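The values are calculated or read from the model by the stated rules, or taken from the named source; none is laboratory data. Everything quoted here is computed from the prediction, not taken from an experiment. No Cβ is skipped: glycine too gets one built from the backbone with ideal geometry, and neighbour counts run over all protein chains shown. Note: accessible area is taken over every heavy atom of the protein model, side chains too, but ligands, DNA and RNA are not part of it. Shrake-Rupley method; radii C 1.70, N 1.55, O 1.52, S 1.80 Å.
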Amino acid sequence: MASDFAQLVKQQADIVKIIGDYVRLKKAGAQNFSGLCPFHKEKSPSFSVHATRQFFHCFGCGVSGDVFSFIQKVENVSFPESVRFVAQKCGIPLPKREFSSEEEAQESRQRTKLLELHELATAWFEEQLRSPEGALAREYLSGRGLKPEEIQKFRIGFAPDSFHALRERLQPVADQETLRLSGLFSFKEQEDGKPGPLYSKFRKRVTFPIANESGRVIAFTARALEAGEKAGPKYMNSPETPLYSKGNVLFNLDKARQAIRETGFAVLVEGQMDCISVYLAGVKNVIATSGTAFTEAQVRLLSRYTTRIIVNFDPDTAGANAAEKSIALLTEEGFEVRVVTLEGGLDPDRYIREQGAPAYMAALRGAKRHSDYLIERARQLFPPTTADAKVKALNFLLPHIKRMPNRITRDEFAADAAQKIGIDSALVREELKQAAAKRRDSLEHALPAMSEAEKVLLRALAGALSEAACQAAAAGFDANEIHFEGLTVASLLKQLRHRGAVDPMHAIEDPAARGLLAKALNGEMEPISPEQVTAALDTLRHRHLERRQRELRAAIADAERKGDAALVVSLTAEKLSIDRALREF
Ligand SMILES: [Zn+2]
């Protein structure tokens, strides 16, 4: 890895200018800028960029990093690509030898191989379904009303009850490491830490391939044919692999995308089986999450095709919760959301089998606006017959109302809610106003307070701006470590001191701690001097002594009450030495 080149690019790149192409940045302090975070939805800025220390940090969602991690995230590219991207922006010529092309070529070869393995596995599972061993699976599928040509269309298959048959099929075309990466196999870790022999992950299950947008199979969902502990969970998914990330994929989007464009909207259901039934009933613009709430990545993916959606989740509690979460995310992203609840508490698959496709189409046409759905749900959860229940119903609805990005629809929602719960609409408006005021308070202020001395030490230990101050702080920290116990930033100081050559913001893993560090660094006016470090160390030592003095006073009084003369003597001795140390300050 040409990290020297990356280092060079980083030194020459102006992080404010580069991020400024994506985020409107305003000067917020001597060295830092702030703007609306591009990685989470927000209305008041909690995203900050430090010009001299060359990092960004969001106090809202906790993301941080350097100019390369920003480009990686925002452009969805690899590290080498981000380096090249920044270099080009700054007009820095790339090294002669095409930068890290070997690594990228390797990655691309691996992806191609994994796609090939998934294709082979899909075909093999299909073959197994047609074999005598697949009888039980065929029976299950025909029981769910699927005809052979429909099974073929979705490439549904059968994973037989064998640990090694799939491995034997795939072994001739890939090495063990690639087979392991495919996610199609499990293995036990051996004593030497290496993976043991691979065996089939899916056994005695019906397999549903999950394809990417262009229809290539990248993962599987597999349904157990038997119930009970031995059979394992009812549904089993491929793990995250270089090809597949659950939150980034929408099931059936490859088949649905044309219809979504034509109809101008999408239907969202929970499970694969629901999705297949709805599709076969003639509603071709249907997609599914894999039994989870929507993710932001999925919203972005879908928004390339439409911003109108009908949500049709199971009416059970889990389904209703998933629906609420998905509605929240979708409305926040500006989607127009409608919701269908099917009569009799049925899921889409059963509803279509029992009531027929035309009834399902009619239900879709009768989909409610999401605000009406939520108000009804609030009334169900908290029947508004008492004042207390009305408050609860309102509290259930407020976050949803606040999320609406458009003021007119937000006000409409609020007025409807007030009317249907039976409360004064002025009260709802007041609540909304207060929420807006609270939002304006920067999230930075929500972090614990730090004393000026703590901030000085953090800044000095974070290095970069002043080498002498950094060394003074390091020496002071080593000599006084005990005096820092009990400080908000104690563990942060320790991590910074022992981070070695790692970038300060990279060295801190906990987002809250990183927030504290960013807060201290953002408030920096000018480089710290060694004298400031000495003064800060003195202040903290002084404070530690005073704290200990107070503790001892209480302990001595306590020992006297208990008549423990020996303890009084030893505690008093310690207190005297502390009194002396404090006088010497
Ligand atoms: Zn953020």
For Leu537, the net charge from surrounding residues (Cβ-Cβ under 12 Å; K, R +1; D, E -1) works out to -3
GluC sites (Glu not before Pro) in the stretch 172-268 lying in a DSSP loop, each with at most 12 other Cβ atoms within 10 Å of its Cβ, come to Glu191, Glu226
In nanometres, the difference between 0.36 nm per residue of separation and the alpha-carbon distance of Lys494 and His40 is 160.4 nm
In nm, the gap between the two label points placed 7 Å beyond Cα toward Cβ at Asp510 and Glu119 is 4.9
Magnitude of the Cβ-charge dipole (Lys and Arg +1, Asp and Glu -1) of the chain about the Cα centre, nearest 20 debye, reported as 1240
Carbon/sulfur accessible area of the chain, % of total, 1.4 Å probe, equals 50
So for R0 = 30 Å, FRET eff. of Asp372-Thr241 from the Cβ-Cβ r, to 0.05, ends up at 0.15
dims of the stretch 312-467, Cα set, principal axes, largest to smallest, nearest Å -> 75, 38, 27
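Take each complete run of DSSP H in the chain, measure how far its Cα atoms stretch along the helix's own axis, and keep only those covering 18 Å or more with mean Kyte-Doolittle hydropathy at least -1.0; list them.
Once both thresholds are applied, what remains is 317-332, 387-403, 407-421, 425-440, 467-480, 565-584.
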With a 26 Å threshold on alpha-carbon distance, the violating pairs from Lys147/Lys204; Lys26/Lys246; Lys10/Lys73; Lys188/Lys246; Lys41/Lys325 are Lys26/Lys246
Once all protein chains are kept in place, Cys90 shows an accessible area at probe 1.4 Å, nearest 10 Å², of 50
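How high is the FRET efficiency from Glu296 to Lys147, r the C-beta distance, R0 35 Å, rounded to 0.05? Working shown, then result.
Working: r = 37 Å, r/R0 = 1.06.
Once the sixth-power term is evaluated, E becomes 0.40.
Looking at the stretch 108-161 from every direction and averaging, what is the projected area of its Cα convex hull in nm²?
Numbers: hull surface 16.5 nm².
Over every viewing direction, the Cα hull of the stretch 108-161 projects on average to 4.1 nm².
Give the Kirkwood hydrodynamic radius (Å, one decimal) of the stretch 37-89, defined as one over the mean of 1/r across all pairs of different Cα atoms. Please report the intermediate quantities before stating the final value.
Details: mean 1/r = 0.0860 Å⁻¹.
One decimal place: 11.6 Å for the Kirkwood radius.
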Cα gyration tensor of the chain diagonalised, 5x eigenvalues square-rooted, in angstrom largest first, produces semi-axes 52, 34, 27
The answer for GluC sites (Glu not before Pro) in the stretch 51-159 that fall in a DSSP coil and have at most 12 neighbouring Cβ atoms within 10 Å is Glu98
Answer in debye to the nearest 20: the dipole magnitude of the stretch 138-220 about its Cα centre, from +1 Lys/Arg and -1 Asp/Glu charges placed on Cβ, is 360
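Given a Förster radius of 30 Å and the C-beta distance between Thr572 and Glu485 as r, what FRET efficiency does 1/(1 + (r/R0)^6) yield to the nearest 0.05? Spell out each step's value before the answer.
On the way: r = 23 Å, r/R0 = 0.76.
Calculated value: 0.85.
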In nm, the gap between the two label points placed 7 Å beyond Cα toward Cβ at Glu526 and Lys89 is 3.1
Sorted by chain and number, the residues with a modelled amide H under 5 Å from that of Phe158, at a separation of 5 or more or across chains, are Glu126, Gln128, Leu129, Thr207
Calc'd 3J(HN,Hα), the stretch 183-200, phi into Karplus 6.51 cos²θ - 1.76 cosθ + 1.60 (θ = phi - 60°), Hz, glycine/Pro = x, comes to x, 7, 10, 10, 7, 9, 6, 8, 4, 7, x, 7, x, x, x, 7, 9, 4
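At 25 °C and 0.890 mPa s, grab the translational diffusion coefficient of the stretch 1-148 from Stokes-Einstein with a Kirkwood Rh over Cα pairs, rounded to a whole number in µm² per second.
Numbers: Rh = 19.1 Å.
Calculated translational D: 129 µm²/s.
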Counting sequence-distant residues (5 or more places) and residues on other chains, those with an amide H built under 5 Å from that of Val489 are none
Once Lys and Arg are counted +1 and Asp and Glu -1 for all other residues with Cβ under 10 Å from that of Leu461, the total becomes +4
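Per-residue ellipticity at 222 nm for the chain, helices alone: DSSP H runs ≥ 4 residues times -39500 (n - 2.57), over residue total, nearest 500 deg cm²/dmol?
-17000 deg cm²/dmol, from helical runs alone.
Just the accessible area per residue of the stretch 429-585, please: how many Å² with a 1.4 Å probe? If you can, show how the numbers build up before the last one.
Numbers: 8810 Å² over 157 residues.
In whole numbers, the stretch 429-585 has 56 Å² accessible per residue.
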The orientation-averaged projected area of the Cα convex hull of the stretch 456-585, in nm², is 9.3
Net charge (Lys, Arg +1; Asp, Glu -1) of residues whose beta-carbon lies under 12 Å from that of Leu487, Leu487 excluded, is +2
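Over all pairs of distinct alpha carbons, what does the Kirkwood formula give as the hydrodynamic radius of the stretch 259-395, in Å?
On the way: mean 1/r = 0.0652 Å⁻¹.
Hydrodynamic radius (Kirkwood, Cα only) of the stretch 259-395 equals 15.3 Å.
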Cα gyration tensor of the stretch 200-268 diagonalised, 5x eigenvalues square-rooted, in angstrom largest first, produces semi-axes 28, 14, 9
The simple spin-label model distance between Glu467 and Thr386, using points 7 Å out along Cα→Cβ, in nm, is 7.1
Expressed per residue, the solvent accessible area of the stretch 159-258 in Å² (1.4 Å probe) is about 50
What the 10 Å binned alpha carbon P(r) of the stretch 138-238 shows, as percent of pairs per bin from 0, is 14, 40, 34, 10, 2
